Amino acid sequence: DLCILVDNGSSSAASTLMLRRIAAQLSRRLAVNVVPCSLAHADRAPASGLEGEPANLFKPTVLAAVREGGASSVVVLPLFLAPVHAVMRTIPEFLESVTEESLCRYAV
């Protein structure tokens, strides 16, 4: 199963590194693997600034977990400061489309 901490994303490596630190802290506190992902832009951050590990993007990460990894549930923890369009529409609509083609459940 999959637990994702998702932000809007930035081409700044510092932003992705901060998201990773927060996800690691949540993982330790919750005793669950929390995967840091960005909706967009983070794939443009230079890998050299990301300690050699490219940023995770939300949609490919979810699709791989559900289609290839057999995840039966996806929990999404939005890291946004306001009820923006991404949280209210983009993320739920995407997850709805994924669950229509699989037996996966989701929660935002």
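The values are calculated or read from the model by the stated rules, or taken from the named source; none is laboratory data. What you are looking at is a predicted structure, and each value in this text was computed from that prediction instead of being measured. Positions of Cβ are backbone-derived with ideal geometry, glycine not excepted, and every protein chain shown enters the neighbour counts. With ligands, DNA and RNA removed, areas are computed over all heavy atoms of the protein, side chains included. Shrake-Rupley method; radii C 1.70, N 1.55, O 1.52, S 1.80 Å.
Annotations for the structure displayed:
- The set of residues from the range 55-74 being out of contact with any helix residue (DSSP H, G or I) (no Cβ under 9 Å at 6 or more places or on another chain), touching a residue at least 24 places away in the same chain (Cβ under 8 Å) and of a type outside the set (V, I, T) comprises A65, G69, S73.
- Test: residue in the range 92-108 that is hydrophobic (A, V, I, L, M, F, W, C), assigned to a strand (DSSP E or B) and free of Cβ contacts under 8 Å to residues at least 60 places away in the same chain: yes
- In the range 6-36, the residue that is surrounded by the most Cβ atoms within 10 Å (Cβ to Cβ) out of those that are among the hydrophobic types (A, V, I, L, M, F, W, C), in contact (Cβ under 8 Å) with a residue 24 or more places away in the chain and not in a helix (DSSP H, G or I) is V6.
- Scanning the range 95-108 for residues that are over 12 Å from the mean Cα position of the chain (by Cα) and either hydrophobic (A, V, I, L, M, F, W, C) or open to solvent by 40 Å² or more (accessible area, probe 1.4 Å) (or both) yields E96, S97, V98, E100, E101, L103, C104, R105, Y106, A107.
- Residue within the range 37-54 that is under 10 Å from the mean Cα position of the chain (by Cα), crowded, with 19+ Cβ neighbours inside 10 Å and either assigned to a loop (DSSP other than H, G, I, E, B) or without any contact (Cβ under 8 Å) to a residue 12 or more places away in the chain (or both) present: yes
- Among (1) touching a residue at least 60 places away in the same chain (Cβ under 8 Å); (2) open to solvent by 30 Å² or more (accessible area, probe 1.4 Å); (3) of a type outside the set (F, W, Y); (4) part of a helix (DSSP H, G or I) - the single one L77 does not satisfy: (4)
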